[in-house]
Amino acid sequence: MKEILVLCPHGVDGGLLSKAYALSEGNLRVLVLEGEEQTAEGYGAKYIHTIKTTPPDEAAFAGWLAEKIQSWGSTIVLAPATIAMRNIMPMLAWKLNAGLTADCTALDMAGEDLLQTRPAFGNSLMASIRSLSTIQMATVRPGTFRPVEQKANEPEIIPESGPAETGKVRELSFTEFAGGKPLSQADVIIAGGMGVGSKEGFEKLAKLASHLGAGLAASRSAVDAGYAPFRCQVGVTGVTVCPRLYIAVGISGAVQHLAGMSGSEKVIAINSDPKAPIFGYADYGYVGDWETIIDRLLHLEEETL
Amino acid sequence: MKAVPAASTVEVDGEYRLKREGTSLQWNIADESALEAALRLKDGDGIVTVLTMGPAKLEAALKELLARGADRAVLITDRRMAGADTRATAAALKAAAEKTGPFDLILCGRRAIDGETGQVPGELAAALDILCVSNVERLEKTETGMRLFRRTENGVQELEAAGPLVVSMCEYAYHLRLPGILSMRRAKSKTVEILTADDLELKTGECGLKGSLTKVITMEAKYPGLRKGPKETDLSKATEQIQAMLREVRP
Ligand SMILES: Cc1cc2nc3c(=O)[nH]c(=O)nc-3n(C[C@H](O)[C@H](O)[C@H](O)COP(=O)(O)OP(=O)(O)OC[C@H]3O[C@@H](n4cnc5c(N)ncnc54)[C@H](O)[C@@H]3O)c2cc1C
């Protein structure tokens, strides 16, 4: 089977490594940060290249990667569709003269060809795509594939010098969002919509989310109404998430919102309107007032503390 | 700036290209943010050029952007460009940027609400061999370059960048201003510059479907998330079931 290269210089994506391991039948090469060799090994990587840091000049990083990839002879290159990799991969694709598919939600091999499936136009279309170039590249939506640990493959670990510092881009500061884990990494997400009705209502959702170690998300209307900050917005103009459990509270289920969450493993909808479209996209629907249910859940959580 | 279908559903043709003709179009939201950022950055003597690629009918929409304060408007339009993937699009934009530039800064939206690839800014930057900073929600000029606030998954990165660069802007970062009396008057005397593949010296093999390195082999209209699970109206049962599902996910 063809070797697959997975670029995870900002943190190992176990799900993606597992998928690449399966597709390449164990022919897996990875690039990770120093210190993550063992994690990569745990997903069956055969060649593990490490770098010490990722530079803020992503164009220079892409240039360095292009040279490395040519020397490794990789012809299938994958990366998680994180903010940074979605900037680096297009620059890399241009330099390698390669076709690139963004944000895939399924990957398959057809002989030597990588079949890339991705949703388009607010998830209303699913496109299946093939590369016409020698090097085939894709980014994959984080959380799409489940991590599967492998027996160690006795990997070769190869420390790399990494790209030279260009000084063209400097990081002056980094301000972390309050509230921990990014939505794209949360196992459970509680999302509120207009039905929640107020900022106070959202505080209840936030409280429950914090008890559960879940992420707090919102519809655009709720963000527009000032109930939640923009970074919580899920949908075509916000973030795309695929947690194990997505709880939509007082959200009607507009296509623009569905686009950002319909890939979730399990969806629960709480809505007082039995005809709300969100129920069509939920594994379990609860028809009724959100506050009654959330209050009870909060109560139960506080009891068990 | 990209014009995207205003409707929330779309049709595709036999070659799996989005049908843009006959549907009403609007500017992509993130691209409006990019234009407003440009208008705020320009000093008295700066020039803001808007560049788009699409059907000829976009000329009118571009005129409106002139009325909103852009100084120049350029439209790449050519049947041969239809069906371009992100690479062929970047190639066309690169040629147009070189033909109509030089520019100190190129601003784009971080992704379009129809294709949602977000790849064109990076490919364009690499084609021009300049830097690209993505997902920016605020930017300002400094003595030596630009200060950029970039939203990542877990926080906001403050960056300083020097030299010509491509910046991709987040949706709603800046709200595009309405047409002003003065710019409306100025826009009247302006025309939209039209560029074809020949003007850009692009060969047929470099344009549209033919110039693309990815090929859509099937396209299905479906909602992958359609589940239609059971509905429950008993709220005590609801609480119990949700608790059980939560326990499954985080034992
Ligand atoms: C170009 C464009 C981009 C967009 N991008 C996004 C995006 O990225 N993300 C996004 O979310 N939206 C987006 N939208 C907006 C989208 O179309 C919807 O308007 C929005 O998602 C609706 O939010 P909502 O479900 O919270 O509100 P509503 O549609 O108002 O729904 C509120 C729901 O709450 C229910 N409800 C009311 N009271 C209660 C109660 N007491 N208990 C339980 N339920 C109750 C109601 O039955 C209703 O279903 C976009 C729109 C456009 C045009």
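Throughout, read-outs are computed from the coordinates displayed, never taken from laboratory work. Keep in mind that this is a model prediction, so the values were computed, not measured. Methodologically, a virtual Cβ is constructed for each residue, glycine included, from the backbone with ideal geometry; neighbour enumeration extends over all protein chains shown.
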Query - Selected from B:Ala238, B:Ala90, B:Ala56 as most flexible by GNM, with chain B as the system and alpha-carbon contacts under 10 Å - result: B:Ala238
Report task. Filter the cross-link list A:Lys19/A:Lys207; A:Lys46/B:Lys228; B:Lys57/B:Lys99; A:Lys204/B:Lys141; A:Lys19/A:Lys68; A:Lys68/A:Lys151 down to pairs whose alpha-carbon distance in this structure exceeds 32 Å. Result -> A:Lys19/A:Lys207; A:Lys46/B:Lys228; A:Lys204/B:Lys141
Query raised in the report: By what distance, in whole Å, do the Cα atoms of the stretch A:4-159 stretch along each of the three principal axes, largest value first?
Result: 41, 34, 26
Query raised in the report: Between A:Ala98, A:Ala178, A:Ala218, which gets the highest mean-square fluctuation from a Gaussian network model of chain A, Cα cutoff 10 Å?
Result: A:Ala178
**Report entry** Debye equation applied to the C-alpha atoms of the protein assembly as shown, log10 I(q)/I(0) at 0.13 Å⁻¹
**Finding:** -1.40
Query raised in the report: Based on the Cα atoms of chain A, what semi-axes does the equivalent ellipsoid have, where each is the square root of 5 times one gyration tensor eigenvalue, given in whole Å with the largest first?
Result: 38, 21, 19
Query raised in the report: With each pseudo-label sitting 7 Å past Cα toward Cβ, what's the A:Ser272-A:Met194 distance in nm, one decimal?
Result: 1.4
Query raised in the report: Per residue and in Å³, how big is the convex hull formed by the alpha-carbon atoms of the stretch A:160-249?
Result: 152
Report task. Output the antiparallel fraction of DSSP beta bridges having both residues in chain A, as a percent to the nearest 5. Result -> 20
**Report entry** Whole-angstrom gap from the stretch B:81-99 to the stretch A:140-162, using each part's C-alpha centre
**Finding:** 35
Requested in this report: State the percent of C-alpha pairs, over all pairs in the stretch A:183-304, separated by a distance greater than 22 angstrom.
Outcome: 23
Report task. Could you line up B:Phe103, A:Phe61 from fewest to most neighbouring Cβ atoms inside 10 Å? Result -> B:Phe103, A:Phe61
**Report entry** Share antiparallel - DSSP beta bridges, the protein assembly as shown, percent rounded to 5
**Finding:** 40
**Report entry** Proximal charge balance of A:Gly288 [Cβ under 13 Å; K/R count +1, D/E count -1]
**Finding:** -3
Report summary line: If each part is reduced to its alpha-carbon centroid, the stretch A:181-208 and the stretch A:38-94 end up apart, in Å, by 34
Requested in this report: Please build a GNM for chain B, connecting alpha carbons under 10 Å apart, and tell me which residue among B:Val133, B:Val48, B:Val216 fluctuates the most.
Outcome: B:Val216
Report task. Note the direction-averaged projected area, equal to a quarter of the hull surface, for the Cα convex hull of the stretch B:167-208, in nm². Result -> 5.6
Query - Stokes-Einstein D in µm²/s, Kirkwood radius over Cα pairs - the stretch B:83-235 at 4 °C with 1.567 mPa s viscosity - result: 69
Report summary line: Helix B:235-249 sits off the longest principal axis of the Cα atoms of chain B, rounded to the nearest 10 on a 0 to 90 degree scale, by 70
Query - Values of log10 I(q)/I(0), in the order q = 0.14 Å⁻¹, for the stretch A:82-223 under a Debye, Cα-only, solvent-free model - result: -1.04
